[in-house]
1. I want to confirm something. Restricting to segment 242-256 and keeping residues that are buried (at least 16 other Cβ atoms within 10 Å of the Cβ) and either on the phi > 0 side of the Ramachandran plot or away from the ligand (no atom under 13 Å from the Cβ) (or both), which single residue is nearest to the chain's Cα centre (by Cα)?
2. Going through segment 197-213 one residue at a time, which ones are within 15 Å of ALA176 (Cα to Cα) and within 11 Å of the ligand (Cβ to nearest atom)?
3. Checking LYS218 against (1) more than 30 Å from ARG125 (Cβ to Cβ); (2) in contact with a Gly (Cβ under 9 Å, 6 or more places away or on another chain); (3) without any contact (Cβ under 8 Å) to a residue 60 or more places away in the chain; (4) of a type in the set (D, E, K, R): exactly one of these is not met. Which one?
4. From the set of residues in segment 182-196 that are near the ligand (Cβ under 9 Å from one of its atoms) and more than 17 Å from LEU155 (Cα to Cα), which is surrounded by the fewest Cβ atoms within 10 Å (Cβ to Cβ)?
5. Checking GLY226 against (1) away from the ligand (no atom under 16 Å from the Cβ); (2) farther than 18 Å from LYS246 by Cβ: exactly one of these is not met. Which one?
6. Go through THR144, THR151 for me and flag whichever is more than 9 Å from the ligand (Cβ to nearest atom), at pLDDT 95 or above, within 26 Å of GLY59 (Cα to Cα) and assigned to a helix (DSSP H, G or I).
7. Taking SER22 as the residue in question, decide whether it is crowded, with 21+ Cβ neighbours inside 10 Å and among the hydroxyl-bearing types (Ser, Thr, Tyr).
8. Can you pull out the residues in segment 2-17 that are under 19 Å from ARG337 (Cβ atoms) and either touching a residue at least 24 places away in the same chain (Cβ under 8 Å) or touching a helix residue (DSSP H, G or I) at 6+ places or on another chain (Cβ under 9 Å) (or both)?
Amino acid sequence: MKAVVQPGIHQPAQFTGVEKPSAGAGEVLVAVRAAALNHRDVFIQQGLYPRMKLPIVLGSDGAGVVVEVGAGVDPAWMGREVVINPAMGWGDHPAFYGPDFRILGMPDNGTFAEFVKVEAKYLHRKPEHLSFEQAAALPLAGVTVWRALMTRAGLQPNRPERVLITGIGGGVALLALQIAVAAESEVWVTSGSAEKLSRAAELGAAGGANYRDPDWVKALMARTGGGKTGYFNVIIDSAAGPGFAKLIDAAAPGGRIVFYGGTTGNITDVMPSRVFFKQLTIGGTTMGTEQEFADMIRFVADHRIVPVVDEVFPLAEAEQALRKMEAGRQFGKLVLRV
Ligand SMILES: NC(=O)c1ccc[n+]([C@@H]2O[C@H](COP(=O)([O-])OP(=O)(O)OC[C@H]3O[C@@H](n4cnc5c(N)ncnc54)[C@H](OP(=O)(O)O)[C@@H]3O)[C@@H](O)[C@H]2O)c1
């Protein structure tokens, strides 16, 4: 079968022929119709993860059709249109994952291929309102968003709050905007691009600020009426770095700041007194449990949320898509049609 293989660190991904997998006991084979990129795929190319295993077929996100079921798998899955939960082996404790946790697309071969083999328990029916390309854009970002917003930050669909999402051009951030808007919260965003801020407004953002402006928090507080106290009950961030201290000013007393990435490096210059006098909660989050994935899929289906797809590339052009992601030119997900 054809697949996109990462041969080694700091090398271009190769579109090449590899052996077609087959479903073992408890497993299924999915004919992938669409796969989507995550920043993780670029980080794998750069060798930034602790237990690197190369060569590997890249890809955590995929949607397709079940074409083979292994022993012990309900045959009703055959022919079904599915999305795959890439967060595998979470374990028994909902607060943190156990030692068997892994993400599809390293150490196991991933979705940038004609076929992918997964355990049947990670299959979910594709929401009917989504195309394969749109559905492929959902899994990794969706489960990350759901846990960050609902579990870790404690947002509730029937209790709207004031939410800030930073770096809205990111795949996870954009889906966080869509889910928080569907949950009826008042959502503000930041971006390094004026064009992305106005596109976020079209998706329901109440407003935004450019994080390249050193005074963006002051400007945003002036616009929202947050003043010196802060305005946002919930802040979702993946940039971290020296700019994180500004989020503490933007948070309302009792606010919850949840971050899932460290794109701009280590968090510095946070004044402890700002955090404890404001009674802030700062939490990290990664991926999510099987229950959180199922809850996310149900919410997306119920609210007919359509993930934003920036561009669809043929599978053979995965390397070009990876370079576009690295350059950060996208607004929404980069998808591969298989
Ligand atoms: N822990 C987890 O479970 C998990 C899951 C998914 C992703 N992540 C991590 O989260 C990060 C984003 O992933 P992604 O796939 O969404 O990547 P992505 O689509 O490439 O998005 C990256 C975004 O970061 C934003 N950004 C850059 N500099 C910023 C700054 N100084 N302040 C605020 N935002 C800034 C940019 O937003 P603008 O374009 O709007 O300027 C950019 O679009 C990565 O570090 C990734 O590894 C973690």
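The values are calculated or read from the model by the stated rules, or taken from the named source; none is laboratory data. Not measured: the values here are computed from a predicted model. Here the Cβ is made from the backbone with ideal geometry for all residues, glycine too, and neighbour counts use every protein chain on show.
1. ARG256
2. LEU197, ARG199, ALA200, GLY208
3. (2)
4. For segment 182-196, the residue satisfying everything is GLY192.
5. With (1) away from the ligand (no atom under 16 Å from the Cβ); (2) farther than 18 Å from LYS246 by Cβ applied to GLY226, the lone miss is (2).
6. THR151
7. Criteria not met by SER22.
8. Once the filter is applied, which keeps residues that are under 19 Å from ARG337 (Cβ atoms) and either touching a residue at least 24 places away in the same chain (Cβ under 8 Å) or touching a helix residue (DSSP H, G or I) at 6+ places or on another chain (Cβ under 9 Å) (or both), segment 2-17 yields LYS2, ALA3, VAL4, VAL5, ALA13, GLN14, PHE15.
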